[in-house]
Structure formats: structure tokens, C-alpha cells
Amino acid sequence: MASVSEDVAFENLNAHLLRHFPELVSELEGDVSELLRAASIASIEFAGGWGKLTYRQSITLLEIAAQVLKCPDLGMRLAQRQQGGSIFGPLGQVMRNSKTFGEAVIFACEHSNAHSRAARIWLHPLGDNGETFVGHELLLGNVANRAQAMEQILLVGHLEALAMTGSHARGRRIHFRHEPISPRRTYRHYFGCEVRFGEPADGVVFLREDFACPIMQHSAQLHSDMVSYIEHAFPAQRPPVHAQVRGLIMRRLSLGDCSSGVIARAMNLHNRTLRRRLKQEGSSFQEVKDEVRRDLALYYLERTELDFRRISEKLGFAEQSIFSRNCRRWFGQSPGEIRRTLSGR
């Protein structure tokens, strides 16, 4: 079983995702200290947005702030204020000093652990039309609401692509797993392109020519120095097996075929090997799948108006009655009772 220290190390965030958060809260007439208390984060730990927080703490703080300040586009406002990849720490330094945008993205995918082991960046070609999907997964469990952080991260990536290439490379389409939490025109304003919701994965679609765009200002020496630093400070280390499984389940759950055999093949493992490794971490395939479904159910019931049949389909249940039984097992209430409780009705 993974130790507490290993779990904390997995959730560590080697970047300052909350840079300029205090200024934004002040602009919205909020109180940072109250928000930190609500998120159980010490002021010394936060350090004005420059502290060493875990990914879980950052996600929680953004969600609480958006609710308290009644600012549904808080994550995107923060991204626009940050304007660039410096929040990505050393990984951002390498990207901004790569030769091409494609080289920068590939390095980020191969070294996403330098950002956090709790995040995974990956590439997937979309047919033969020159489109490539750059996916971003947050592999944390027991986090039902992560929309603010994901909207911030994808907008920062989109803005950084523009900044690095003199506005030549840009996101052509944005995919969010969650449903819209702001008016759709708000997303169009921030991203300037089509934004889709309820998708199997979070990410940005780029074209072949975007990847070929040169980085406008790059230093070969700084690139070499930062690559050496990352390879030394953040040696190749995969997320825990249960986190890898969680990411694959989140992507495949609504597609229907999400068995342990399918996930094992996607990881190039034998099914028995996958089950053994999960057991070594004190987990099991069914526990991870159940946790993903529980988190998503809570999100859909609290933050969307999707009907129960649609939610059941998104969770990969064959029948709505199975979804209802699982809600009672997870939360002790029916889906309708949960939705009424969460909405205060």
C-alpha cells in the first residue's frame, strides 16, 4: 500500500498555478485569508501564491473562491491575468526555449512529471486531417469538482502557444470533460475558437502547421541547461498505477468498454499483472473505477442539469436503476435527493 508521504509526493505541484490569485481576489472584493481558511490552507503555506501547494489544495481553493466570490469564470480570469507559461515552472522554461512549438509540446508530454506527477499530458492524432489532440488529465481521486483548475490550465496553454510563436500557433478547438459553468459566449471570448463540453477528455486541438511554428525567442544554451536540470531533478517516474488506471477510466467510461482487460491492454500489461500491481498499492481495479464513478456522479448531480438517464450513460451503467442503486450505496440517498440536497432546494 502506498504510504502517506508517497501520496503527498504524487500530489506535489512544481509550479505556481496561483500566481496573481491574491490580486484577482482583491479585484473581486474578496478576502484571501477567509478563502484560505475555507480551503484549510495556512497563509504561510500559500505565501501569496508562491508557496508549495499540492495540486489538490490548488484545485480546492479555486473551486471555493469561484463559489464564494460568485465568479464562474474565475479560473479563466486568473489565466488571463497570468498571461503565460511561467506558472509551469522549469517545464515552461524548456518549452519557451525550444526550437518549435511541436518540440515544446512533445517535451512537456514526456516530462509532465516535472509539472506534477498528478497530471498527465498526452498526444493523440485525430484522423488524417492534420489535427492533434493535446490532452491534459488530473489524476487525483476524490475530487469531484475540478472545472476551475482545468479551465485555467487549458487557457494558459492556449495563451502560451500564442505568446511563444508570435500568435501563429493557437488552439483550434477546446474540449472540456465538464459541462459549461459560464455562458458559452464567455468561453468564446477567452479562447477565440470553438469550445466543446461533455467530451471524454480535457484538452486542446492543434493543427500540423501549429506544431511546425518556430518559437520566436529561444536560447539554445538555456534550453540545454533547463533540460539537464529537469532530467536530474525530476527523473522519469510514472504516476502510481492506480492513478494511471484512473486517467484511462475517466477517458473510456462513457464509451462503454471500460473493463480491466481493456485498461490493461492500454497500459501494455497483462490483466493479471495490472491487478497484482494495484493490489501492491492497496487498491483494486473495481475500487478505482468505483471512485471515478462516485466523483463524476457527484459532479453531474451538483453542477449540471443532465437528467439521470444521461448521467447513467456517462458513468457507463447499462441501466438507470443501477446508477440509482449505486447512489444509495455511495451517498445513502437517491439521485433526486442528492441533487435537491446539493442545490439547497
Failed item in (1) of a type in the set (Asp, Glu); (2) at pLDDT below 95; (3) within 30 Å of Leu301 (Cβ to Cβ), with Glu160 passing the rest: (3)
Residue check for Arg275: within 30 Å of Pro90 (Cβ to Cβ) and assigned by TED's automatic domain parsing to the domain that holds Leu315: no
The one condition in (1) touching a Lys or Arg at 6+ places or on another chain (Cβ under 8 Å); (2) farther than 24 Å from Cys71 by Cα that Leu138 fails to fulfil: (2)
Residue in the stretch 229-247 that is surrounded by the fewest Cβ atoms within 10 Å (Cβ to Cβ), counting only those that are within 19 Å of Ala144 (Cβ to Cβ) and touching a helix residue (DSSP H, G or I) at 6+ places or on another chain (Cβ under 8 Å): His242
Every residue from the stretch 294-327 that is over 27 Å from Gln67 (Cα atoms) and in contact with a helix residue (DSSP H, G or I) (Cβ under 9 Å, 6 or more places away or on another chain): Arg309, Glu313, Gly316, Phe317, Ala318, Glu319, Gln320, Ser321, Ile322, Phe323, Ser324, Asn326
Helices (runs of 4 or more DSSP H) wholly inside the stretch 217-269 that include at least 2 residues being modelled with pLDDT under 90 and among the charged types (D, E, K, R): 241-252
Criterion: assigned by TED's automatic domain parsing to the domain that holds Phe21, in contact with a helix residue (DSSP H, G or I) (Cβ under 8 Å, 6 or more places away or on another chain), closer than 24 Å to Thr304 by Cβ and surrounded by 19 or more Cβ atoms within 10 Å (Cβ to Cβ) - qualifying residue of Glu179, Glu151: Glu151
The stretch 289-309, subset among the aliphatic types (A, V, I, L, M) and in contact with a Leu (Cβ under 7 Å, 6 or more places away or on another chain), residue surrounded by the most Cβ atoms within 10 Å (Cβ to Cβ): Leu301
Residue within the stretch 322-344 that is in contact with a Gly (Cβ under 7 Å, 6 or more places away or on another chain), in the same structural domain as Arg246 (by TED's automatic domain parsing) and in contact (Cβ under 8 Å) with a residue 12 or more places away in the chain present: no
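Results for (1) of a type in the set (Lys, Arg); (2) closer than 21 Å to Leu74 by Cα, shown as yes or no for each residue.
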| residue | (1), (2) |
| --- | --- |
| Thr132 | no, no |
| Gly141 | no, no |
| Gln152 | no, yes |
| Arg173 | yes, yes |
| Pro180 | no, yes |
| Arg196 | yes, yes |
| Arg238 | yes, no |
In the stretch 19-56, residue farthest from Asp73 (Cα to Cα) [restricted to those that are among the hydroxyl-bearing types (Ser, Thr, Tyr) and surrounded by 13 or more Cβ atoms within 10 Å (Cβ to Cβ)]: Thr54
All positions within the stretch 124-144 that are at pLDDT below 90 and in contact with a Leu (Cβ under 8 Å, 6 or more places away or on another chain): Gly130, Ala144
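Here is a yes/no grid of residues against (1) over 16 Å from Cys193 (Cβ atoms); (2) in contact (Cβ under 8 Å) with a residue 12 or more places away in the chain:
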| site | (1), (2) |
| --- | --- |
| Pro90 | yes, yes |
| Ala108 | yes, yes |
| Arg117 | yes, yes |
| Asp128 | yes, no |
| Ala144 | yes, yes |
| Gln148 | yes, yes |
| Ile153 | yes, yes |
| Val156 | no, yes |
| Leu162 | no, no |
Only listed residue being more than 16 Å from the chain's Cα centre (by Cα) and not polar (S, T, N, Q), chosen from Ala212, Ala243: Ala212
Count - residues of the stretch 33-62 that are of a type in the set (A, V, I, L, M) and assigned to a helix (DSSP H, G or I): 8
Qualifying residue in the stretch 132-140 (condition: of a type in the set (Asp, Glu) and over 30 Å from Leu315 (Cβ atoms)): no
Of all residues making up the stretch 1-32, the number that are at pLDDT 95 or above, over 28 Å from Gly92 (Cα atoms) and not in a loop (DSSP other than H, G, I, E, B): 0
Selected residue (criterion: modelled with the lowest pLDDT) from residues of the stretch 270-293 that are touching a helix residue (DSSP H, G or I) at 6+ places or on another chain (Cβ under 7 Å) and of a type in the set (Gly, Ala, Ser): Ser283
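The values are calculated or read from the model by the stated rules, or taken from the named source; none is laboratory data. Predicted model, so just to flag it, every value in this text is computed and none were measured. Virtual Cβ from ideal backbone geometry, glycine too; neighbours counted across all protein chains shown.
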